[in-house]
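Structure first, commentary second.
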There are 2 protein chains.
Amino acid sequence: MTAAAHRPATLDDVARAAGVSRSTASRVIAGTGFASPDARERVVTAADQLGYVPNPAARALVRGGGVRLVVAAAATSAAVLDDPYVHRVVGSAARVCAPAGVGVALHWLPLGDPRGLDQLAADRSVCGVVLVNTTEALLDAVPRSLHGRVASIGIGSAEVPSFDVDNTAGAGAVLRHLYATGRRRIAMVTGPAWLPCSQRPVQAYRHLMRQAGLPERVVDGDFTAARGRAAAEEALRRWPDVDAIFAISDETAFGVIAGLRDGGVRVPGDVAVAGFDDIPLAGMTAPALTTASHPVGRIATAAATAVLAGRPAAPVTLFPSALVTRDSA
Amino acid sequence: MTAAAHRPATLDDVARAAGVSRSTASRVIAGTGFASPDARERVVTAADQLGYVPNPAARALVRGGGVRLVVAAAATSAAVLDDPYVHRVVGSAARVCAPAGVGVALHWLPLGDPRGLDQLAADRSVCGVVLVNTTEALLDAVPRSLHGRVASIGIGSAEVPSFDVDNTAGAGAVLRHLYATGRRRIAMVTGPAWLPCSQRPVQAYRHLMRQAGLPERVVDGDFTAARGRAAAEEALRRWPDVDAIFAISDETAFGVIAGLRDGGVRVPGDVAVAGFDDIPLAGMTAPALTTASHPVGRIATAAATAVLAGRPAAPVTLFPSALVTRDSA
DNA sequence: ATGAAAGCGCTAACAT
DNA sequence: ATGTTAGCGCTTTCAT
């Protein structure tokens, strides 16, 4: 139960203390194979008396299992390593992996050069990979040897299961809400053009606008608040009659609101603004932000769990996006 | 350079391909010991021809190094495992550890029961521990065997080096700013009472107020925006003449602003509000939040680096807190 | 049901 | 300078 031995106990210590062979001790500790009730009892007792904790590294070595799950984030720059969203994925993964004795590592995959994946595949200490900001090129670059132990938060492929929020439906709900509340000249601030999963809402937007006979007004964004601010100015300049702006991230939406304010435009009086994600602060600002909530933690957890399990997951797992109507739209 | 072998190459493969012994190959790969220029050349060539990547788990096993750095967060509930701040620490740590082949794990240490630390100490796959939300009790519970490979983000002890922002100076700067801009009835919303590092700003507050002959007005907080909102109402009720509120986290500050707004109080006209942390959104809201910026990423990076290095670090490393004056105060 | 023995991939004395 | 040898802590046939 206790015993903070200076030198951590090994399985050998346990076996010796229990008066059995290492093999027997291993069987009962790992819960595999047979052992007499008597032996089992003695091993368990010895183990927690010595404060024994199995060494996952040694275990992984012999089983060929690996001790690290790596979160590989594609991006144009290494700044992605400081991204809050990525950190949230890493945190969730770390939480899921800890009980299994698996640690999480964070790698940057330069956009044009997905060779980093080969390294990861060749590293026997890597038990699996969770892709973030996945692109088609990245998917194509996934080595065969990673099949079955890789997952994508974002788009997927035949070999790489996808875990993602239902962006299309989510964007649709936001847009429909804007329409239902009387907005007819709706602009959209997008995510980075190279990021497929951020294009989906754009497609939904274009589709819906066309269908409703409304003008399509898209300005490029990059998820940041600063860009949102600039995007608002641009929107105001190009389309003075704009009455709603849908930003593809809450950060951007807050930037848009700031930009609108700079331009003397009232929100939601003159222009409604909606975000996407529902970050914790979304409900605290003035005006409180209308947005769609996304279970990022659950998505990351599911992806990491699937990779950890090592068996092929469903090709696509979609998580619901839920409209949250507050004051800004 | 390439070669996505189906079975990842081992050191043996490299040695064989290079026509040398495993030891020689090991020496040149690990960069330790001697090797003739010729041998070195051949090993290097063979290695990258085979796409060889060393197995950190095997390496750790023989060197007794460990393959996981664990971030251990003390808290009253497991909810801490989802905390954005903790995730930020984990993310930063993961980034630092990745090149060393070390993964990061996230553990919750229940407040009253720090025995989890013994487990971590007994786990030979754990190369070190970074404590978050450190308390005195936690510090006392750090097993001797962890000494030299543990660090705290927060308070430290003789055995556990501390990496923290200079809370006292930071709070002082904020408070002085409030005073300099004419505020005289300043209230403070604290962090959780059990968290030592959140008490430091409170002490600074009390000290400064006393020194200036100003009343001390403290209301308990817990870092959340919801609590900030309630705290604002409470402050308004207890001290109708309050003219400034200093919240110990930006989230809380936004809650305070919301609460003030609920009460029909203008910010900063009637009451100035200052936060603490400078989260990304702090500059985007209306009013933009006056706060103090804290290099959380750098702190986490320093702590993880120290643990990874394994040699005793300076007892206390203080990071500067920088006042950021915006609109709210 | 249990033990003996081999080996996962690597490093580090110790020889040579 | 290089190879030989012995493990690191564990699981897993294979005998018994």
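The values are calculated or read from the model by the stated rules, or taken from the named source; none is laboratory data. These figures come from a predicted structure and were not determined experimentally. When we count neighbours, we look across all protein chains shown, and the Cβ atoms used for this are built from the backbone with ideal geometry, even at glycine. We work out accessible area using only protein heavy atoms, side chains counted, and drop any ligands, DNA or RNA first. Shrake-Rupley method; radii C 1.70, N 1.55, O 1.52, S 1.80 Å.
Things worth noting here:
- The range B:252-281, residues that are more than 15 Å from residue B:230 (Cα to Cα), open to solvent by less than 10 Å² (accessible area, probe 1.4 Å) and within 12 Å of another protein chain (Cβ to nearest Cβ): B:275, B:281
- Test: residue in the range B:252-260 that is under 20 Å from residue B:167 (Cβ atoms), at pLDDT 95 or above and in a loop (DSSP other than H, G, I, E, B): no
- Of all the listed residues (B:74, B:9, B:78), the sole one being touching a residue at least 40 places away in the same chain (Cβ under 8 Å), within 11 Å of chain A (Cβ to nearest Cβ) and more than 11 Å from DNA strand D (Cβ to nearest atom) is B:9.
- Options A:14, A:44: the member that is more than 11 Å from DNA strand D (Cβ to nearest atom) and either more than 32 Å from the chain's Cα centre (by Cα) or over 25 Å from residue B:62 (Cβ atoms) (or both): A:44
- One residue from B:158, B:100, B:169 being open to solvent by 30 Å² or more (accessible area, probe 1.4 Å), within 14 Å of chain A (Cβ to nearest Cβ), under 20 Å from the mean Cα position of the chain (by Cα) and touching a residue at least 40 places away in the same chain (Cβ under 8 Å): B:100
- Filter result for residue B:265 (over 20 Å from residue A:254 (Cα atoms) and either polar (S, T, N, Q) or not in a helix (DSSP H, G or I) (or both)): yes
- For the range B:310-319, a residue qualifies if it is open to solvent by 80 Å² or more (accessible area, probe 1.4 Å) and more than 28 Å from residue B:65 (Cα to Cα), and exactly one does: B:318.
- Selection within the range B:107-159 - outside any loop (DSSP other than H, G, I, E, B) and among the hydroxyl-bearing types (Ser, Thr, Tyr): B:145, B:152
- Annotation note: of B:90, B:67, B:102, the sole residue that is within 13 Å of DNA strand C (Cβ to nearest atom) and modelled with pLDDT of 95 or more is B:67.
- Any chance residue B:226 is more than 20 Å from the chain's Cα centre (by Cα) and buried (at least 16 other Cβ atoms within 10 Å of the Cβ): yes
- Answer residue from the range A:24-40, given it is surrounded by 12 or more Cβ atoms within 10 Å (Cβ to Cβ) and within 6 Å of DNA strand C (Cβ to nearest atom) and is nearest to the other protein chains (Cβ to nearest Cβ) among those: A:24
- Between A:182, A:116, A:112, A:154, the distinction of being at positive phi and in the same structural domain as residue A:77 (by TED's automatic domain parsing) belongs to A:154 only.
- Of all residues in the range B:173-193, those satisfying the criterion of being among the hydrophobic types (A, V, I, L, M, F, W, C) and open to solvent by less than 80 Å² (accessible area, probe 1.4 Å) are B:173, B:174, B:175, B:178, B:186, B:187, B:188, B:189.
- Among the residues of the range B:4-23, those identified as farther than 17 Å from residue A:124 by Cα and either within 8 Å of DNA strand C (Cβ to nearest atom) or exposed (fewer than 15 other Cβ atoms within 10 Å of the Cβ) (or both) are B:19, B:21, B:22, B:23.
- Within the range B:230-284, tally of residues that are basic (Lys, Arg) and within 16 Å of residue B:216 (Cα to Cα): 2
- For the range A:70-87, the candidate set comprises residues that are surrounded by fewer than 18 Cβ atoms within 10 Å (Cβ to Cβ) and hydrophobic (A, V, I, L, M, F, W, C); within that set, the residue that is farthest from DNA strand C (Cβ to nearest atom) is A:79.
- Within the range B:138-150, residues that are within 14 Å of residue B:116 (Cβ to Cβ) and more than 9 Å from every other protein chain (Cβ to nearest Cβ) have Cβ atoms under 9 Å from residues that are open to solvent by 30 Å² or more (accessible area, probe 1.4 Å) and not in a loop (DSSP other than H, G, I, E, B) in these pairs: B:141/B:118, counting only partners at least 6 apart in sequence or on another chain.
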